[in-house]
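Below is one structure, written out as structure tokens, with a few remarks after it.
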Amino acid sequence: GCTLDGKLYPFGEISRTENCFRCSCSRDAMRCCSLFHTPIGYDKEKCKVVFNRKSCDYDVVLKSDPSKECAVYSRV
């Protein structure tokens, strides 16, 4: 298998690691892509970015009330 962040994964396709990556594990290498996109277009004065492990994505929420989401205009 392959080791990523101290955890052993089996050879083959891994649909989701503990740290939100999709990987391919072979005898030669382990190749991974992130399952999340980083928000870049939002109101940075009123809002903050919080990583959500359950959804494997970033939530953009109000700094004054994290229970309310902010509008996101673009992600990378």
The ³J(HN,Hα) series, computed from each phi in region 10-15 with the Karplus coefficients 6.51, -1.76 and 1.60 at θ = phi - 60°, rounded to the nearest Hz and given as x for glycine or proline, is x, 4, x, 8, 10, 6
Identify all lysines with a Cα-Cα distance to Lys46 below 17 Å; exclude those on the same chain that are fewer than 8 residues away in sequence. Lys63, Lys68
Which whole-Hz ³J(HN,Hα) couplings does region 44-60 yield from phi under the Karplus relation 6.51 cos²θ - 1.76 cosθ + 1.60, θ = phi - 60°, glycine and proline marked x? 6, 7, 9, 10, 9, 9, 10, 7, 10, 5, 5, 8, 6, 8, 8, 9, 10
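With a 1.4 Å probe and all protein chains left in place, how much accessible area per residue does the chain have, in Å²? Working shown, then result.
On the way: 5510 Å² over 76 residues.
Dividing the accessible area of the chain by its residue count gives 72 Å².
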Residues with amide H under 5 Å from that of Cys47, placed H, sequence gap 5 or more: Lys63
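Loop only by DSSP, 14 or fewer other Cβ within 10 Å of the Cβ. Give me the GluC sites (Glu not before Pro) in region 1-64 that pass, ordered by residue number. Don't skip to the answer; put the middle values down first.
Values: sites: Glu13, Glu18, Glu45; in loops: Glu18, Glu45.
Taking region 1-64 and a limit of 14 other Cβ atoms within 10 Å, the loop GluC sites (Glu not before Pro) found are Glu18, Glu45.
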Near Lys54, which aspartates and glutamates are there with a Cα under 14 Å away, not counting those fewer than 8 places off in the same chain? Glu18
List the residues whose amide H sits under 5 Å from the amide H of Tyr9, counting only those 5 or more places along or on another chain, with H placed 1.01 Å from N in the peptide plane. Cys2, Thr3, Leu4
Candidate cut points under trypsin sites (Lys or Arg not before Pro) in region 6-40, DSSP loop plus at most 10 other Cβ atoms within 10 Å of their own Cβ, are Arg27
Phi to ³J(HN,Hα) by Karplus 6.51 cos²θ - 1.76 cosθ + 1.60 over region 19-36, Hz, x for Gly, Pro: 9, 6, 10, 9, 10, 10, 10, 10, 5, 8, 6, 10, 10, 9, 10, 6, 9, 10
Cys residues of the chain counted as unpaired, since no other Cys beta-carbon is under 4.7 Å: Cys33
Full-extension gain in nm, Phe36 to Ser74, via 0.36 nm per residue minus C-alpha separation: 12.4 nm
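The values are calculated or read from the model by the stated rules, or taken from the named source; none is laboratory data. Not measured: the values here are computed from a predicted model. Reconstructed Cβ throughout: ideal geometry from the backbone, glycine too, with neighbour counts over all protein chains shown. Please note that ligands, DNA and RNA were not included when accessible areas were found on the heavy atoms of the full protein model with its side chains. Shrake-Rupley method; radii C 1.70, N 1.55, O 1.52, S 1.80 Å.
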